[in-house]
Amino acid sequence: MLARRGMITVTEAASLADSQAHFKALKPWWDVLMDYLLIIMLMVSFFSATLLITMDKVVCMPKPIDKNKTDDLSKAGFTYSSISREPGHLTKLDYQQYLYVSVVCYHKVVPWQSKYFPYLTLVNTLILLVSSNFWFKYPKTSSKVDHFLSILSKCFESPWTTKALEETSDQPPPDHTRLKSSCTRSVEYSSRSPLLREFPFIPIQLPASSILDKKEEEQAKALFEKIRHFRLYAEDSDIVYQVYMGQTIFKVVKVTIVIGYTFSLVGSFSFQHICKPDIQNLMGYTLFICTHNLAYILEKLLLTYILLVCLYAFLAAYALFWLFSHQLKCYSFEKNHDGNVFGDIPVVKNDFAFMLHMIDRYDSLYSRRFSVFLSAISEGRLKELALNSEWTLEKLKEQVNKNIKGHCELVISMLPVIPIAVYDLTEIEVLKLELISSANFLAAVSRLKRLSELHLRHTLVKTDPDAYRFLQEHLRILKVWFTDLDELPAWIYSLKNLQELHLSGNLNSSNNKSIRLQSLRGLKNLRVLSLTSNLSYLPPTVLDIAGQLHELIIHNGETVLCSLGHLKKMSQLTNIELRQCQISKIPGALFNLPTLQNMDLTSNLLQNVDELGTLQRLRNITTLRLCHNAIYCLPPTIENLFNLEELTLSHNNLDNLPTTLFNLVKLRHLDISHNHIKTIIPEIGHLSRLELLDISGNQISFLPVELFRCTRLHSLYAGHNKLTNFPSEVRQLSLLSTLELTGNNLTSLPVDIASCLMLRKGAMFIEENVLNMSPMELRKKFS
């Protein structure tokens, strides 16, 4: 009958139950109990409303009253017991009159709670029912909830979840060491996120087919990507948390109001009523005694409803207490599962965290299985399976090349892990790893017997114990590019046979005291140290190995390098390179390095280099590079560097050269290009061993014939000067193989250039129009 009246159908009730089942994983125990209480309250309300519809009546009988007593009754207050009964009194009223009186008295004397209380309870119950599940229906929250539950079910059923959890259960507890974040990296759930924790695991070495088929593997990878995007979306706001909090507060306020007015109704239901309908002219009676049929049962239903509402209020208050007493906008898998999950999952925030907390109230197994797809380690393992099946030995062999030193070199770039097949390439000598998100050297690296050089470009490499021992014994050269020191593997500080260490990254601890190299004392055979950084002073750990270094290279990125006095401790140093260190004076500590052979102070702020005369104590110095400075003159005492074989002074402010410079008879390489020099003096002919001369980019108008006495000269660069002719004595340079004359005022070239038999086409640089004006013999040879 209720269905026919449009209240609710069985089909609609069934669909409502189905929709609730879809969201059951996000309903904690108190929400489930409140739902059951609401069902009971709804049944009580329906039952009460049905009684009102079918049986809500009053029955009234007339009561004759003596005229003399009427005033006394009205003054003293009438009660039913005070009326004197006259048994057997005939009223002579017909049935229609009784019905009329009953209807009039029902509306006149029956209180509102007796007539409308069941409907009010029904309305309140429906309001609570809607508010209890509002967050499942509100568009901005239901979309997140639906998406979350959809992903959750896929994670629960995925074969990869089962496999990953089985492996986790067989492994030792994670080492809870949090990595320091790099300022240039995102929290986007990329595999390089520095928020991840270290977690030692045995990489999967079996082929993918032994664990997952290709379809399952692709489904797992797609699920990882879907969860990554959903996480960004869910952590962007806390609308789900706010709506749930709002509906809980609303329920508490609502039931408080309901309890308040329902308690005031207890005892207000009355079975007997006195009615004065003022229809004496129709009935002949003034006073009627009426009975309300449902008074007794409505009072019992009221007490039942109050009990249910009190239970509901208790559960709602508990839910509110839980919301305020827990950090529900932050979720840590380590804390919530006692570390019994993958240990690398960062803390999640906002709506994502709140829904995970709700899942835990239902069954923590769901969030545990969900954690597999939030773990970068798990994702890395999956990618490793796919990678190993894709990067076969044959494909890797195609990537092996010979470098300029003739060594077999393999470059692996932008892969999640190192392919297993790499360990079968026994011929490689140089291994370069670039942007590998989860590199790990296995014990199988010991197969690479010829490996001696390793490059790590923004790649943090972990090692197995056996792999670590192999690297200790075999690695000779290590080059590391990093953003912060956390990218430097700890094992590099104990490579006892390492000879060269090249570090490129931020090592300036002036603003961040935590940026410090670990002790280098374990590098007992280190001879070459190269630092490309922004140092303010030499790291103390470098000074620990100062006595054993033979070569120190610092490229400082235009940062002032102070406190260079410590260089004097490097008594075995043969080569020093201080570039872009903002040095304005040759460090005095260099004068105390008797074994020094090569000095490179390129790209600094040198102007006056009078200290060069005191370098005579450095009897072994053979190479001096001072290019890209602001040097305006050379001291005559430069001749004291009598063992000098290479002098580079390009890109300075020199306008002349001292005569004593040409007393350096051992000089083989002289570069004075890009200065303001106008004249090359004849004394240059004294440099009988000169092999390369670069005077390009100056203001030289002629070349002295004495220059061509330097018969060992094989490279002459004289472009971009003011030369108007080129001496025919060039024929004396029988070894000349490179000649550059572009950017001068030449109109033609002497035919004698053709006598330089070593000079080939493509090795002489001159404008085409000048060559066309030269003798035919030249045109044939060089055009």
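The values are calculated or read from the model by the stated rules, or taken from the named source; none is laboratory data. Computed from a prediction, not measured in an experiment: that's the story for all the values here. Cβ: placed from backbone, ideal geometry, glycine included. Neighbour counts: every protein chain shown. For accessibility, only protein heavy atoms count, side chains too; no ligands or nucleic acids. Shrake-Rupley method; radii C 1.70, N 1.55, O 1.52, S 1.80 Å.
Just so you know, in the stretch 520-533 the residues that are outside any loop (DSSP other than H, G, I, E, B) and open to solvent by less than 30 Å² (accessible area, probe 1.4 Å) include one that is farthest from His555 (Cα to Cα), and it is Val528. Do we have any residue at all in the stretch 416-423 that's at pLDDT 90 or above and of a type in the set (Ser, Thr, Tyr)? Checked the stretch 416-423: at least one residue is at pLDDT 90 or above and of a type in the set (Ser, Thr, Tyr). If only residues of the stretch 458-475 that are surrounded by 20 or more Cβ atoms within 10 Å (Cβ to Cβ) and in a strand (DSSP E or B) are counted, the one that is farthest from the chain's Cα centre (by Cα) is Thr463. Within the stretch 335-392, the set of residues being buried (at least 17 other Cβ atoms within 10 Å of the Cβ), modelled with pLDDT of 70 or more, part of a loop (DSSP other than H, G, I, E, B) and over 18 Å from the mean Cα position of the chain (by Cα) comprises Trp391 only. His455 meets each of the listed conditions (1) open to solvent by 40 Å² or more (accessible area, probe 1.4 Å); (2) touching a Lys or Arg at 6+ places or on another chain (Cβ under 6 Å); (3) without any contact (Cβ under 8 Å) to a residue 60 or more places away in the chain apart from (1).
Within the stretch 421-433, the set of residues being open to solvent by 50 Å² or more (accessible area, probe 1.4 Å) and either outside any helix (DSSP H, G or I) or closer than 15 Å to Thr463 by Cβ (or both) comprises Thr426, Glu427. Looking only at the stretch 578-600, residues that are of a type outside the set (S, T, N, Q) and more than 18 Å from Ser536 (Cβ to Cβ) come to 9 in all. Scanning the stretch 429-464 for residues that are touching a His at 6+ places or on another chain (Cβ under 9 Å), closer than 21 Å to Ser494 by Cβ and of a type in the set (Asp, Glu) returns a single hit, Glu453.
Taken together, the residues in the stretch 393-420 that are small (Gly, Ala, Ser) and crowded, with 17+ Cβ neighbours inside 10 Å amount to 0. The residues listed here are Leu778, Leu739; of these, the one that is open to solvent by less than 40 Å² (accessible area, probe 1.4 Å) and in a strand (DSSP E or B) is Leu739.
Selection over the stretch 742-751 of residues that are surrounded by fewer than 19 Cβ atoms within 10 Å (Cβ to Cβ), touching a residue at least 24 places away in the same chain (Cβ under 8 Å) and more than 56 Å from the chain's Cα centre (by Cα) gives a count of 4. When the stretch 599-633 is filtered for residues that are open to solvent by less than 10 Å² (accessible area, probe 1.4 Å), assigned to a loop (DSSP other than H, G, I, E, B) and aliphatic (A, V, I, L, M), the ones remaining, listed by number, are Leu601, Leu606, Val609, Leu618, Ile621, Leu626, Ile631.
Against the list (1) modelled with pLDDT of 90 or more; (2) touching a helix residue (DSSP H, G or I) at 6+ places or on another chain (Cβ under 9 Å); (3) in a loop (DSSP other than H, G, I, E, B), the condition Ile576 fails is (3). Within the stretch 705-718, restricting attention to residues that are under 13 Å from Phe765 (Cβ atoms) and buried (at least 19 other Cβ atoms within 10 Å of the Cβ), which residue is nearest to the chain's Cα centre (by Cα)? Filtering the stretch 705-718 for residues that are under 13 Å from Phe765 (Cβ atoms) and buried (at least 19 other Cβ atoms within 10 Å of the Cβ), the one nearest to the chain's Cα centre (by Cα) comes out as Tyr717.
Here Leu311 fits the description: closer than 24 Å to Leu26 by Cα, outside any loop (DSSP other than H, G, I, E, B) and open to solvent by 10 Å² or more (accessible area, probe 1.4 Å).
Filtered by the rule that a residue be assigned to a loop (DSSP other than H, G, I, E, B) and in contact with a Ser or Thr (Cβ under 9 Å, 6 or more places away or on another chain), the stretch 669-689 gives Ile672, Ser673, His674, Asn675, Lys678, Thr679, Ile681, Ser688.
The C-beta contact set for the stretch 427-444 (first residue among the charged types (D, E, K, R), second residue open to solvent by 50 Å² or more (accessible area, probe 1.4 Å) and assigned to a loop (DSSP other than H, G, I, E, B), distance under 8 angstrom, 6+ apart or interchain) comprises Glu427/Arg450; Glu429/His407; Glu429/Arg450; Glu434/Met414; Glu434/His458.
Among residues of the stretch 567-585 that are farther than 17 Å from His628 by Cα, those with a beta-carbon under 9 Å from a residue that is open to solvent by 30 Å² or more (accessible area, probe 1.4 Å) and of a type in the set (A, V, I, L, M) at least six positions away or on a different chain give the pairs Lys569/Leu543; Met570/Leu543.
Would you say Ser536 is open to solvent by less than 60 Å² (accessible area, probe 1.4 Å), in a strand (DSSP E or B) and among the hydroxyl-bearing types (Ser, Thr, Tyr)?
No; evaluated as a whole, the condition is false for this residue.
Here Met43 meets the list (1) modelled with pLDDT of 80 or more; (2) more than 16 Å from Val123 (Cα to Cα); (3) surrounded by fewer than 17 Cβ atoms within 10 Å (Cβ to Cβ); (4) not polar (S, T, N, Q) almost entirely, failing just condition (2).
Residue-level check: of (1) in contact with a strand residue (DSSP E or B) (Cβ under 9 Å, 6 or more places away or on another chain); (2) under 30 Å from Leu52 (Cα atoms); (3) modelled with pLDDT of 80 or more, Thr291 misses just (3). Checking the structure you have, find out if any residue of the stretch 756-765 is in a helix (DSSP H, G or I) and of a type in the set (A, V, I, L, M). Within the stretch 756-765, none of the residues are in a helix (DSSP H, G or I) and of a type in the set (A, V, I, L, M). In the stretch 579-598, which residues are of a type in the set (A, V, I, L, M, F, W, C) and part of a loop (DSSP other than H, G, I, E, B)? Hits for the stretch 579-598 are Cys581, Ile583, Ile586, Leu593, Leu596.
Here is a check on your reading of the model: is His326 surrounded by fewer than 20 Cβ atoms within 10 Å (Cβ to Cβ), modelled with pLDDT of 80 or more, under 29 Å from the mean Cα position of the chain (by Cα) and under 27 Å from Leu33 (Cβ atoms)? For His326, the condition - surrounded by fewer than 20 Cβ atoms within 10 Å (Cβ to Cβ), modelled with pLDDT of 80 or more, under 29 Å from the mean Cα position of the chain (by Cα) and under 27 Å from Leu33 (Cβ atoms) - is met. For the stretch 549-568, filtered to residues that are out of contact with any helix residue (DSSP H, G or I) (no Cβ under 9 Å at 6 or more places or on another chain) and open to solvent by 40 Å² or more (accessible area, probe 1.4 Å), the residue that is modelled with the lowest pLDDT is Ser563.
Applying a threshold of 9 Å to beta carbon distances and a minimum spacing of six or more residues, or different chains, the list of pairs starting in the stretch 29-54 at a residue that is over 12 Å from Leu129 (Cβ atoms) and free of Cβ contacts under 8 Å to residues at least 60 places away in the same chain and ending at one that is assigned to a helix (DSSP H, G or I) and among the small types (Gly, Ala, Ser) is empty.
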